[in-house]
Amino acid sequence: ITAIQVLDVPVHPYSMDAAVQYLDDKIQEQKHSFVVTANAEIIMMCQDDAEYKNILTNVADLVLPDGAGTVWAGRQLGYAVPERVAGFDLFNRLLNLAAEKGYRVFFFGASPGIAEAAKKKAESLYSGVTVVGCRDGYFKDSDNKSIIDAINNSGAQILFIALGAPKQEKWLQTHLQELKPYITMGIGGSFDVLAG
Ligand code: UDP
């Protein structure tokens, strides 16, 4: 699929169903995919953060149109953008997929205790979902190795990372080569929302 350019940031105009299918295929093929759900705030950040823009342009594999602003901008440019693919919605769809297919997931980020609370909630909403590890998002650089080891040793195939944008994408870029999960996705405040 060809990316559309929204303020010079490439966005892939997939529907939610198409995005879930694409990511399921990646897991089946044992290929890596770095997902960003690009809302207007993220696209604006890219305007004066060259490193962030480079991540969305050259490092991320799938950049989805999160938010009415991104969908509107794409349509203004004359592209067919089917619908909004919001980060929180995709997170939930992938939890559902993980429950159905037995994919293992890891929750990294948010304040201490929040990922665990989100795990409990995920287990009640998506029966059979396997959250193989949780780790809060407040750490020092010297903790990176133990965090990466915990993620890799958990056998997770999907890593959800909630450090907020752009921190989560910058952390992923730095450590992408070391990470084993096939799907890596920044989800902002989604653990807080799910945990309630
Ligand atoms: N966070 C974190 N570590 C940090 C900074 C933030 O784990 O060093 C977490 C924070 O607790 C919250 C999330 O990242 O759970 C950021 O949520 P926010 O809604 O601000 O992110 P956005 O959706 O705007 O990217």
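Check whether at least one residue in segment 132-144 is among the charged types (D, E, K, R) and more than 11 Å from the ligand (Cβ to nearest atom), and report yes or no. Write out each step before concluding.
First, the residues of segment 132-144 that are among the charged types (D, E, K, R): 135-136, 140-141, 143.
Pick out the ones that are also more than 11 Å from the ligand (Cβ to nearest atom) and you get 141, 143.
Yes, there is a match, as at least one residue in segment 132-144 is among the charged types (D, E, K, R) and more than 11 Å from the ligand (Cβ to nearest atom).
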*Checklist (1) surrounded by fewer than 22 Cβ atoms within 10 Å (Cβ to Cβ); (2) closer than 17 Å to Arg104 by Cα; (3) within 12 Å of the ligand (Cβ to nearest atom) applied to Gly128, failing item*: (3)
_Test set (1) closer than 21 Å to Trp171 by Cα; (2) surrounded by 15 or more Cβ atoms within 10 Å (Cβ to Cβ); (3) of a type outside the set (D, E, K, R) - Ile4 fails condition number_ = (1)
*If you take the residues in segment 153-172 that are under 23 Å from Val20 (Cα atoms) and surrounded by fewer than 19 Cβ atoms within 10 Å (Cβ to Cβ), which one is nearest to the ligand (Cβ to nearest atom)?*
Gly164
*Ile147 is checked against (1) in contact with a Lys or Arg (Cβ under 8 Å, 6 or more places away or on another chain); (2) within 11 Å of the ligand (Cβ to nearest atom) and fails just one. What number does that condition carry?*
(2)
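Restricting to segment 33-56, what's the tally of residues that are within 13 Å of the ligand (Cβ to nearest atom) and touching a helix residue (DSSP H, G or I) at 6+ places or on another chain (Cβ under 8 Å)? If you could, list the steps in order and put the result at the bottom.
Here is the first cut: in segment 33-56, the ones within 13 Å of the ligand (Cβ to nearest atom) are 36-45, 52.
Now narrow it down to the ones that are touching a helix residue (DSSP H, G or I) at 6+ places or on another chain (Cβ under 8 Å): 36-40, 42-43, 45, 52.
Residues meeting the conditions: 9.
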*Collect the residues in segment 177-192 that are out of contact with any Ser or Thr (no Cβ under 7 Å at 6 or more places or on another chain) and more than 8 Å from the ligand (Cβ to nearest atom), keeping them in residue-number order.*
Gln177, Glu178, Leu179, Lys180, Pro181, Thr184, Met185
*Do the conditions hold for Asp61, that is, is it away from the ligand (no atom under 15 Å from the Cβ) and closer than 30 Å to Asp143 by Cβ?*
yes
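To keep it simple, each residue is scored yes or no on (1) β-branched (Val, Ile, Thr); (2) over 23 Å from Asn96 (Cα atoms); (3) assigned to a helix (DSSP H, G or I); (4) in contact (Cβ under 8 Å) with a residue 24 or more places away in the chain.
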position	(1), (2), (3), (4)
Tyr14	no, no, no, yes
Ala19	no, no, yes, yes
Ile27	yes, no, yes, yes
Asn58	no, yes, yes, no
Val63	yes, no, no, yes
Ala73	no, yes, yes, yes
Gly78	no, yes, no, no
*Would you list the helices (runs of 4 or more DSSP H) that sit entirely within segment 84-161 and hold 3 or more residues that are closer than 29 Å to Gly67 by Cα, of a type outside the set (S, T, N, Q) and in contact with a helix residue (DSSP H, G or I) (Cβ under 6 Å, 6 or more places away or on another chain)?*
87-101, 114-125
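I'm trying to understand the selection: among the residues of segment 97-115, which are within 16 Å of the ligand (Cβ to nearest atom), surrounded by fewer than 17 Cβ atoms within 10 Å (Cβ to Cβ) and either at negative phi or touching a residue at least 60 places away in the same chain (Cβ under 8 Å) (or both)?
Our first condition is that a residue be within 16 Å of the ligand (Cβ to nearest atom); within segment 97-115, this holds for 106-115.
Now narrow it down to the ones that are surrounded by fewer than 17 Cβ atoms within 10 Å (Cβ to Cβ): 111-113.
Across segment 97-115, the qualifying residues are Ser111, Pro112.
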*Looking only at segment 88-142, which residues are over 16 Å from the mean Cα position of the chain (by Cα) and of a type in the set (Ser, Thr, Tyr)?*
Ser111, Ser124, Tyr126, Ser127, Thr130, Tyr138, Ser142
*asked:* Report every pair of residues separated by at least 6 positions or lying on different chains whose Cβ atoms are under 9 Å apart, first residue within segment 170-185 and part of a loop (DSSP other than H, G, I, E, B), second of a type in the set (D, E, K, R) and at pLDDT 95 or above.
replied: Pro181/Arg104; Tyr182/Lys26; Tyr182/Glu29; Tyr182/Lys31
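The values are calculated or read from the model by the stated rules, or taken from the named source; none is laboratory data. Keep in mind that this is a model prediction, so the values were computed, not measured. For neighbour counting, all protein chains shown are included, and Cβ atoms are generated from backbone atoms with ideal geometry for every residue, glycine included.
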